[in-house]
Amino acid sequence: MKALEVRIPPVAVTLLFGAAMWGIAQFMPAYGLPRALTAIAAGLFLAGSGVVGIGGILAFRRAGTTVNPLQPKASSTLVIDGVYRYTRNPMYLALLMLLFAWGITLANPYAMLAAWGFVPYMNRFQIVPEERAMIQRFGPEFLRYAARVRRWI
């Protein structure tokens with residue numbers, strides 16, 4: 001593994017992106033959507049984040065495998081049911097949805113663009129290393145799963 005791969009907890013990465021989004025919003029022009037529409041849109045992303053993220057965590061708990069993203073080789077079971085039928089990374093998708101909710105709350109399109117930077121960062125430094133570990137651990141079973149279920153959505 002490379003120096004930064006799976007070294008920074010994804011929640012910390014999310015907080016760093018959220019702070020960067022806030023900083024961008026302080027210096028870039030906002031958009032003027034009605035407060036009610038902003039609250040509804042942000043609330044939908046927040047609720048979706050909770051459903052997807054908790055669904056991912058519960059599926060791991062039911063399978064009796066680790067949810068520690070810094071130890072992908074410690075996985076004892078390949079989880080492919082529940083929310084994992086639709087996305088291979090529901091917990092990371094939930095964090096992205098949380099960033100979208102934050103971007104909507106900030107009412108700033110530039111901050112929303114920054115949220116998209118989370119995807120390539122997570123792909124490179126978290127998901128690809130996890131996938132290598134899954135291939136080593138579960139081989140063809142993981143490859144078949146990865147061929148039919150997308151990384152994000």
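The values are calculated or read from the model by the stated rules, or taken from the named source; none is laboratory data. Bear in mind the structure is a predicted one, so any value in this text is a computation, not a measurement. A quick note on method: Cβ atoms are made from the backbone with ideal geometry, for glycine too, and the neighbour counts reach across all protein chains shown.
Among residues of the range 128-145 being touching a helix residue (DSSP H, G or I) at 6+ places or on another chain (Cβ under 7 Å) and either of a type in the set (A, V, I, L, M) or at positive phi (or both), the one that is modelled with the highest pLDDT is L143.
Residues of the range 41-57 that are surrounded by 13 or more Cβ atoms within 10 Å (Cβ to Cβ) and of a type in the set (A, V, I, L, M): A41, A42, L44, L46, V51, V52, I54, I57.
Of the residues making up the range 56-82, those that are out of contact with any Pro (no Cβ under 9 Å at 6 or more places or on another chain) and aliphatic (A, V, I, L, M) are L58, A63, V67, A74, L78, V79, I80.
Applying the criterion of being under 13 Å from the mean Cα position of the chain (by Cα) and surrounded by fewer than 19 Cβ atoms within 10 Å (Cβ to Cβ) to the residues of the range 68-119, the residue that is farthest from R7 (Cα to Cα) is W116.
Residue-by-condition table, conditions (1) closer than 23 Å to G117 by Cα; (2) among the polar types (S, T, N, Q); (3) in a helix (DSSP H, G or I); (4) touching a helix residue (DSSP H, G or I) at 6+ places or on another chain (Cβ under 8 Å):
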site	(1), (2), (3), (4)
T66	no, yes, no, yes
I80	no, no, no, yes
R88	yes, no, no, yes
F100	yes, no, yes, yes
G103	yes, no, yes, yes
